[in-house]
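Student: I am attaching a structure below and will ask some questions about it afterwards.
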Amino acid sequence: MFNHIQPSVPDPIMSLMEAYMQDSHPQKVNLGIGLYYDHQGNIPLMRAVHLAEQRLLEQQRPHSYPPIEGSALFAQQIQALLFGDAIQSHQHMVTVQTVGGSGALKLGADFLCHYLSRREIWVSDPTWANHWAIFEGAGLKVNTYPYFDDASGELRFEAMLNTLSSLPEGAVVLLHPCCHNPTGTDLSQPQWRAVLEVLQQRRLLPFFDIAYQGFGDGLAEDSFILREILKTDLDFLVSNSFSKNVALYGQRLGGLSVCCNSLETAANVKGALKTLIRRSYSCPPTHGSQIVETLLADEYLRQLWVSELTNMRQRIKQMRVSLSAGLEQGGSTLDYRRIRDQKGMFSYTGLNEHQLSQLRHQYSIYLVAPGRMCLPGLNQHNVDYVTAAILDVTLP
Ligand code: LMR
């Protein structure tokens with residue numbers, strides 16, 4: 001019955017993580033998957049999360065079914081994080097809990113297919129590999145708009161605007177509000193304003209994927225475009241994730257928000273999302289959302305979380321500076337300024353596939369092709385090792 005099934009192509013990011021786990025090299029370094037490691041090389045249990053979990057344990061809550069869309073408080077908290085205070089006067093936003101940011105993208109993709117009859121989406125070139133998989137898997141044709149020039153390390157902003165300006169009305173455009181994955185190269189605020197103008201002129205349908213809020217410049221700064229677009233009359237979608245900024249990777253916690261233009265439409269959109277969820281996995285898990293709910297509802301825990309997140313962001317920046325300074329001192333031919341200046345967890349280093357293979361096989365240093373480095377895998381114990389290895393594989 002199943003013999004016709006051919007071998008699958010392994011996921012480029014997850015399979016790299018598996019290879020890293022199996023590697024017995026004592027100095028191995030994981031600069032692959034988007035995971036935050038602390039200065040000791042450990043995935044942190046954030047203190048705010050730990051305290052929230054303790055409170056939940058003490059409450060001895062039963063594990064009942066949640067509503068299909070997740071709790072109302074959690075939805076409000078997501079909206080406040082994404083849009084700030086302005087959301088309080090906005091009645092037409094629908095938010096549902098999803099199975100991580102990927103689940104939000106998949107739910108959004110199904111919504112676009114089944115309820116809006118969309119058959120195409122435009123994503124940045126390049127983008128996260130799983131964007132392609134999720135949208136194609138949902139039946140959408142994936143097209144690209146220019147975004148980043150790997151040779152120069154520059155944003156292709158004019159070309160991006162030109163392509164967006166040429167799209168048909170109602171075309172769906174996937175945008176990364178911050179910490180662009182994989183390039184680490186973000187739009188400036190004036191550039192976002194220019195994109196917003198095109199979105200309005202062309203009446204496009206933006207789908208924002210914000211998986212790294214807080215890792216660029218700060219929680220509010222990183223959602224600049226979301227706060228700007230809320231002031232317009234555009235409809236849009238947002239997928240968000242708590243995997244990284246609350247370090248709840250395995251809890252698979254995220255949200256999908258849809259901004260509608262009337263209360264009635266919002267109610268119907270919510271119904272549509274609930275239908276899609278119910279017939280897919282019925283309702284979301286509760287432990288992760290209860291942690292985040294508890295943490296965000298308590299001023300002390302919330303402040304603690306924000307300061308922990310700030311420390312994580314600053315540590316990544318320090319590692320960017322250390323690595324780029326080391327490469328500069330070693331006379332590197334690599335564009336080390338990119339590593340210093342790009343934002344979020346990733347840098348598009350410009351390392352080529354051959355150099356990546358050398359790093360992996362000679363040094364057990366893992367990066368995602370073509371040249372994406374996840375900076376938090378660096379710490380003061382391994383940064384010199386990684387610097388020397390990169391110099392070795394790049395110097396003529
Ligand atoms: C990444 O890009 O490495 C992360 O978003 C993790 C993943 O699921 O790919």
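Since every read-out is calculated from the coordinates, none of them should be taken as a lab result. If you're wondering where the values come from, they're calculated on a predicted model, not measured in any experiment. Because the Cβ atoms are built from the backbone with ideal geometry, glycine has one as well, and the counts that use them run over all protein chains shown.
Student: Excluding same-chain residues fewer than 8 positions from K317, which lysines have a Cα within less than 23 Å of its Cα?
Tutor: Here the lysines satisfying the reach criterion relative to K317 are K28, K244, K343.
Student: Can I ask one more? Under a point-charge model restricted to the Cβ atoms of Lys and Arg (+1) and Asp and Glu (-1), what is the dipole moment magnitude of the chain relative to its Cα centre, in debye to the nearest 20? Each step should come with its number before you reach the end.
Tutor: Numbers: 31 positive and 37 negative charges, 114 e Å.
The dipole of the chain has a size of about 540 debye.
Student: What's the center-to-center distance, using Cα atoms, between the range 49-78 and the range 200-254 in Å?
Tutor: So the two Cα centres are separated by 22 Å.
Student: Let me ask something else about it. For the range 362-377 and the range 284-343, what is the separation of their Cα centres, given in Å?
Tutor: What the calculation gives is 17 Å, centre to centre.
Student: Hey, what do the phi angles of the range 144-160 turn into as Karplus ³J(HN,Hα) couplings, whole Hz, using 6.51/-1.76/1.60 and θ = phi - 60°, x for Gly and Pro?
Tutor: 10, 10, x, 9, 9, 9, 5, 5, 8, x, 9, 5, 9, 5, 4, 5, 4
Student: Residues with beta-carbon under 15 Å from that of A138, excluding A138: net charge, scoring Lys, Arg +1 and Asp, Glu -1? Before the final figure, lay out each step's value.
Tutor: Details: positive: K106, R118, R119, K141, R279; negative: D110, E120, E136, D209.
Within the 15 Å Cβ shell, the charges total +1.
Student: Where Lys and Arg each count +1 and Asp and Glu each count -1, what net charge lies around Q314 among other residues with Cβ under 13 Å from its Cβ? Walk me through the numbers before you get to the answer.
Tutor: Values: positive: R313, R315, K317, R320, K343; negative: D38, D217, E308.
Around Q314, the surrounding residues sum to +2.
Student: Rank the residues H180, H131, H354 as a footprinting-exposure proxy: fewest other Cβ atoms within 10 Å of their Cβ go first. Working shown, then result.
Tutor: Numbers: H180 27, H131 22, H354 9.
Arranged by neighbour count, lowest to highest, H180, H131, H354 become H354, H131, H180.
Student: Further, regarding this structure: What net charge do the residues around I121 carry, taking every other residue with its C-beta under 10 Å from that of I121, with Lys and Arg at +1 and Asp and Glu at -1? Don't jump to the answer; show the numbers that get you there.
Tutor: Values: positive: R118, R119, K141; negative: E120, E136.
Once all neighbours under 10 Å are counted, the net charge is +1.
Student: For helix 72-83, what angle does its Cα long axis make with the longest principal axis of the chain, in degrees from 0 to 90 and rounded to 10?
Tutor: The answer is roughly 60 degrees.
Student: Over the range 65-285, with a single point scatterer placed on each C-alpha, what log10 of the ratio I(q)/I(0) does the Debye formula yield at q = 0.14 1/Å?
Tutor: These q points yield log10 I(q)/I(0) values of -0.82.
Student: Also, quick follow-up: If only Cα atoms are counted, what is the Rg of the chain, and what is its Dmax, in Å?
Tutor: 21.1, 64
Student: Oh, and also: Place +1 on the Cβ of every Lys and Arg and -1 on the Cβ of every Asp and Glu in the chain, take the dipole about the Cα centre, and give the residue among Q40, Q79, A267 whose Cα lies farthest towards its positive end.
Tutor: A267
Student: What's the extension gain from E299 to E136 if we count 0.36 nm per residue and subtract their Cα-Cα distance? Walk me through the numbers before you get to the answer.
Tutor: Details: separation 163, 0.36 × 163 = 58.68 nm, distance 4.16 nm.
Between E299 and E136, full extension yields an extra 54.5 nm.
Student: If you don't mind, there's one more thing I want to ask. Is the shape of the range 229-361 best called rounded, prolate or oblate, per the rule: a/c under 1.5 gives rounded, else a/b larger than b/c gives prolate, else oblate, with a ≥ b ≥ c the square roots of the Cα gyration tensor eigenvalues? Spell out each step's value before the answer.
Tutor: Values: a/c = 2.26, a/b = 1.93, b/c = 1.17.
It comes out prolate by the Cα gyration axes.
Student: Please list, in order along the range 53-61, the HN-Hα scalar couplings obtained from phi with the Karplus expression 6.51 cos²θ - 1.76 cosθ + 1.60 (θ = phi - 60°), rounded to whole Hz, x for Gly and Pro.
Tutor: 5, 4, 4, 4, 4, 4, 6, 6, 6
Student: Which percent, to the nearest 5, of DSSP beta bridges fully inside the chain are antiparallel?
Tutor: Approximately 50 percent, going by the DSSP bridge assignments.
Student: Give me the dipole magnitude in Debye, nearest 20, for the range 65-285 about the Cα centre, with unit charges on the beta carbon: positive for Lys and Arg, negative for Asp and Glu.
Tutor: On the way: 16 positive and 21 negative charges, 175 e Å.
It comes to approximately 840 debye.
Student: How would you rank F208, F74, going from fewest to most other Cβ atoms within 10 Å of each one's own Cβ? Let's see the in-between values first.
Tutor: On the way: F208 22, F74 26.
Going from least to most buried by this count: F208, F74.
Student: Okay, next question. Long-range amide H contacts for V29: which residues qualify at under 5 Å (H placed 1.01 Å from N, peptide plane, sequence gap of 5 or more or a different chain)?
Tutor: Counting only residues 5 or more places away or on other chains, the set is I365, Y366.
Student: Still on this model: List the aspartates and glutamates whose Cα lies under 18 Å from the Cα of K106, skipping any in the same chain that are fewer than 8 positions away.
Tutor: Answer for K106, where 18 Å is the Cα cut-off: D11, E69, E120, E136, D209, listed by chain and number.
Student: Then there is this: I'd like the Karplus ³J(HN,Hα) series for the range 95-103: coefficients 6.51, -1.76, 1.60, θ = phi - 60°, whole numbers in Hz, and an x wherever there's a Gly or Pro.
Tutor: For the range 95-103, the Karplus curve yields 10, 10, 6, 10, 7, x, x, 5, x Hz.
Student: Additional query: Could you list H63, H381 in order of exposure, starting from the residue whose Cβ has the fewest other Cβ atoms within 10 Å? List each step's numbers first, then the result.
Tutor: On the way: H63 9, H381 12.
In increasing order of surrounding Cβ atoms, one gets H63, H381.
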